[in-house]
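So the structure is just underneath, and the comments pick up after that.
Every read-out reported here was derived from the displayed coordinates using simple, explicitly stated rules and does not represent laboratory data. Computed from a predicted model, the values in this text were never measured in an experiment. A quick note on method: Cβ atoms are made from the backbone with ideal geometry, for glycine too, and the neighbour counts reach across all protein chains shown.
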Amino acid sequence: MAYSGDVTTGGAADVRELDDLTITKVSVGPMDNNAYLLRCRSTGEQVLIDAANEAPRLLELIGDAGLSSVVTTHEHMDHWVALEEVVATTGARSLVHGADAEGLPIPSEHLADGDTVRVGDRELEVIHLVGHTPGSIALLYRDPNGIPHLFTGDSLFPGGVGNTHEDPAAFASLIDDVQTKLFDRLPDETWFYPGHGADSTLGAERPKLPEWRARGW
């Protein structure tokens with residue numbers, strides 16, 4: 001079956017096979033968090049985006065191929081409940097933006113805007129998006145043979161940017177970063193994968209940007 005990105009907590013994972021990378025999306029409870037396992041098809045190296053919860057389930061997904069890194073998109077606890085166990089079991093590096101590092105339960109290597117995270121022969125670009133948290137990041141994979149793929153954490157969802165807790169300054173920062181660093185840089189066909197719920201494309205969401213700005217959330 002073709003990849004849809006529609007997953008449910010406790011349900012089956014959805015797998016997307018690109019020429020050079022395999023993306024496996026799974027939802028874990030209790031807060032319907034998405035975790036994404038990326039595997040380089042030439043080397044077998046794997047990276048996990050957000051060890052959100054249900055460590056045994058994530059470890060089963062990782063399997064015997066091992067794990068090189070876990071990237072945490074931001075410091076909120078629902079995105080790292082399984083981090084300590086996954087790292088302890090696999091020996092993977094823990095990576096997070098420096099501004100959110102103190103919010104994690106284990107010492108982690110610091111990422112910054114413009115850094116790259118290797119997935120075997122492929123790489124992800126780190127994009128810093130300030131507002132949902134000080135150190136929130138998105139991860140961009142530019143497929144040389146297809147569309148861009150963007151993992152947005154809780155900074156961008158279908159229907160709006162992430163929660164800024166009615167803080168006008170935080171909202172202004174986030175909507176500006178999302179527009180200038182994502183929508184202004186990347187084409188409509190860019191597929192994005194959020195921290196909760198269904199996927200979307202930048203093209204589907206682009207017409208709504210003025211509405212999001214006007215409503216303030």
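Scan Val26, Val130, Val86, Val81 and give me the residue that is assigned to a strand (DSSP E or B) and of a type outside the set (D, E, K, R).
Checking each option against the conditions leaves just Val26.
I'm trying to understand the selection: among the residues of the stretch 77-103, which are more than 15 Å from Leu48 (Cβ to Cβ) and surrounded by 15 or more Cβ atoms within 10 Å (Cβ to Cβ)?
Answer for the stretch 77-103, where residues must be more than 15 Å from Leu48 (Cβ to Cβ) and surrounded by 15 or more Cβ atoms within 10 Å (Cβ to Cβ): Asp78, His97, Ala99, Asp100, Ala101, Gly103.
Kindly list the number of the only condition in (1) surrounded by fewer than 17 Cβ atoms within 10 Å (Cβ to Cβ); (2) hydrophobic (A, V, I, L, M, F, W, C); (3) outside any loop (DSSP other than H, G, I, E, B) that fails for Ile106.
(3)
Among (1) buried (at least 17 other Cβ atoms within 10 Å of the Cβ); (2) touching a helix residue (DSSP H, G or I) at 6+ places or on another chain (Cβ under 7 Å), there is one condition Tyr193 misses while meeting the rest; what is its number?
Only one criterion in (1) buried (at least 17 other Cβ atoms within 10 Å of the Cβ); (2) touching a helix residue (DSSP H, G or I) at 6+ places or on another chain (Cβ under 7 Å) is unmet by Tyr193, namely (2).
Considering only the stretch 148-207, state which residues are small (Gly, Ala, Ser), under 17 Å from Ile137 (Cβ atoms) and part of a strand (DSSP E or B).
Within the stretch 148-207, Gly153 is the sole residue that qualifies.
Could you give every pair whose Cβ atoms fall below 8 Å, whose first residue belongs to the stretch 171-188 and is more than 12 Å from His128 (Cβ to Cβ), and whose second residue is of a type in the set (Lys, Arg) and in a helix (DSSP H, G or I), counting only separations of at least 6 or pairs across chains?
Pairs that qualify, where the first residue is more than 12 Å from His128 (Cβ to Cβ) and the partner is of a type in the set (Lys, Arg) and in a helix (DSSP H, G or I), are Ile175/Arg213; Phe183/Arg206; Asp188/Arg206.
Which number in (1) surrounded by 21 or more Cβ atoms within 10 Å (Cβ to Cβ); (2) under 19 Å from Glu125 (Cβ atoms); (3) over 15 Å from the mean Cα position of the chain (by Cα) marks the one condition that Glu54 misses?
Glu54 satisfies all of (1) surrounded by 21 or more Cβ atoms within 10 Å (Cβ to Cβ); (2) under 19 Å from Glu125 (Cβ atoms); (3) over 15 Å from the mean Cα position of the chain (by Cα) except (2).
Take Ala138 and tell me if it is within 20 Å of Ser94 (Cβ to Cβ), touching a residue at least 12 places away in the same chain (Cβ under 8 Å), surrounded by fewer than 20 Cβ atoms within 10 Å (Cβ to Cβ) and in contact with a His (Cβ under 9 Å, 6 or more places away or on another chain).
No: the conditions fail for Ala138.
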